[in-house]
1. Are there chymotrypsin sites (Phe, Trp or Tyr not before Pro) in the range 158-256 that DSSP puts in a loop and that have at most 16 other Cβ atoms within 10 Å, and which ones?
2. Only sites in a loop by DSSP and with at most 12 other Cβ atoms within 10 Å count here; which GluC sites (Glu not before Pro) in the range 110-195 make the cut?
3. What helices does the chain have that are whole DSSP H segments, at least 15 Å long along their own axis by Cα, and with mean Kyte-Doolittle hydropathy of 0.5 or more?
4. Given a 10 angstrom Cα cut-off, can you work out which residue in L66, L257, L235 is the most mobile in a GNM of the chain?
5. Rounded to whole Å and sorted largest first, what semi-axes of the equivalent ellipsoid does the C-alpha gyration tensor of the range 275-348 yield via the square root of 5 times each eigenvalue?
6. Would you mind working out the magnitude of the charge dipole of the chain relative to its Cα centre, with +1 at each Lys and Arg C-beta and -1 at each Asp and Glu C-beta, to the nearest 20 Debye?
7. Please identify, among K123, K315, K72, the residue showing maximal mean-square fluctuation in a Gaussian network model of the chain using a 10 angstrom Cα cutoff.
8. Any idea what the alpha-carbon Rg over 2.2 N^0.38 Å comes to for the range 61-148?
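No lab work stands behind these numbers, since they all come straight from the coordinates. Fair warning: this is a prediction, and the values are worked out from it, not measured in the lab. Ideal geometry is used to build each Cβ from the backbone, glycine not excepted, and the neighbour counts take in all protein chains shown.
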Amino acid sequence: MNRFFLICLSLIQWLRLASPGIAAETTASSREAAKRARVVMVEEPGATVTFNPQPEKIPPMIQRGLITLAGKATAEESWLSLISTQDTIGVKVFSAPGPATGTRPAVVEAVVKSLLGAGLPPKKIVVWDKHLSDLRQAGFFELAERYGVRVAGAAEAGYDEKAQPYETALLGQLVWGDLEFGRKGEGIGRKSYVSKLVTQEMTKIVSITPLLNHNLVGVSGNLWGLAMGSVDNTLRFENDPDRLASAVAEIVALPVLGDRVVLNIVDALICQYQGEEHTRLHNATVLNQLWFSTDPVALDVLSIQEIDRQRKLAKAPLVKTSFDLYQNASLLEIGVSDPRQIDVTRLP
């Protein structure tokens with residue numbers, strides 16, 4: 001240990017003893033900064049025409065959002081601050097509503113092109129959701145063929161009995177495709193297993209969700225979409241808001257799932273404030289925006305606020321949304337649910 005280092009160390013210790021108030025204030029400031037979330041919103045007025053995304057307008061939006069969020073000079077550097085070229089990236093979409101109001105293929109295509117530009121081999125990119133049939137109908141198979149990337153369904157990949165499951169006392173009504181379907185015995189139906197697609201094939205996840213209402217949890221967002229798309233035995237939660245609020249947060253908190261997520265994007269080109277998975281463009285507003293954050297909770301909270309705002313503007317029936325899910329997620333340290341602790345950067 002050299003003399004200069006010893007002098008610096010002694011000086012630091014002296015400052016701590018001499019100025020405990022300063023040290024405490026610095027620590028408190030650091031804790032406060034750690035509790036805040038950052039969201040970047042990019043708007044491009046020509047991003048859609050008559051509700052149809054304009055593919056040439058989306059890639060610059062992705063680039064601007066990434067660079068601003070990561071604070072890097074290029075999109076490539078931004079990606080490489082989140083992932084490595086050795087990772088297998090799962091691009092999680094919500095495909096069940098179809099291409100009009102689900103995650104739009106044009107947005108996913110721009111993300112795929114950006115990942116390829118950062119040096120990811122096509123075979124290392126997987127566009128996925130729970131069911132292959134939904135992905136096919138939404139147009140993701142055509143996208144995959146154009147770029148040589150993979151498309152995969154969590155259910156079709158099967159569920160991992162060796163990985164940590166989500167377990168509660170609540171018994172599920174098991175259906176075909178659930179890992180324990182057809183089994184008998186004590187405790188059967190109390191576990192939800194994570195797909196092998198997540199546990200065995202991908203190392204990082206980029207979540208892209210539409211700005212689409214959900215009657216029980218407010219938005220078909222990053223938390224709900226990832227949780228319900230990744231595990232089996234979900235029928236036991238889906239019709240009860242309290243059970244759903246607990247289960248979604250706790251499923252995302254599983255290290256094998258939540259720790260893989262490096263980026264969340266809200267496809268806010270269009271905001272549909274009524275109808276859930278049914279395409280109802282007469283209950284939708286064009287925003288021409290994409291939102292970016294590493295905090296899925298903050299994005300979901302802002303999404304609910306925007307959905308409520310659009311309902312009011314349209315004089316549509318208001319829906320009282322419970323924020324229990326997002327508060328639960330904050331308690332589990334998944335993200336920030338208090339809007340006052342979310343810093344929004346808008347790029348017009």
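1. On the way: sites: Y159, Y166, W176, F181, Y193, W224, F237; in loops: F181, Y193, F237.
Listed in order of number, the matching sites are F181.
2. Details: sites: E142, E145, E156, E161, E167, E180, E186; in loops: E161, E180, E186.
Of the GluC sites (Glu not before Pro), the ones in loops of the range 110-195 whose Cβ has at most 12 other Cβ atoms within 10 Å are E161, E186.
3. Working: long enough: 3-18 (22 Å, 1.48); 20-34 (21 Å, -0.20); 58-70 (18 Å, 0.96); 105-117 (18 Å, 1.37); 241-252 (17 Å, 0.68); 296-314 (27 Å, -0.02).
Membrane-span-like by this rule: 3-18, 58-70, 105-117, 241-252.
4. L235
5. Details: eigenvalues 110, 54, 25 Å².
Each semi-axis is the square root of five times an eigenvalue, giving 23, 16, 11 Å.
6. Working: 36 positive and 38 negative charges, 114 e Å.
Roughly 540 debye for the chain.
7. So, out of K123, K315, K72, the one fluctuating most is K315.
8. Details: Rg = 13.2 Å, N = 88, 2.2 N^0.38 = 12.1 Å.
Cα-based Rg divided by the globular estimate yields 1.10.
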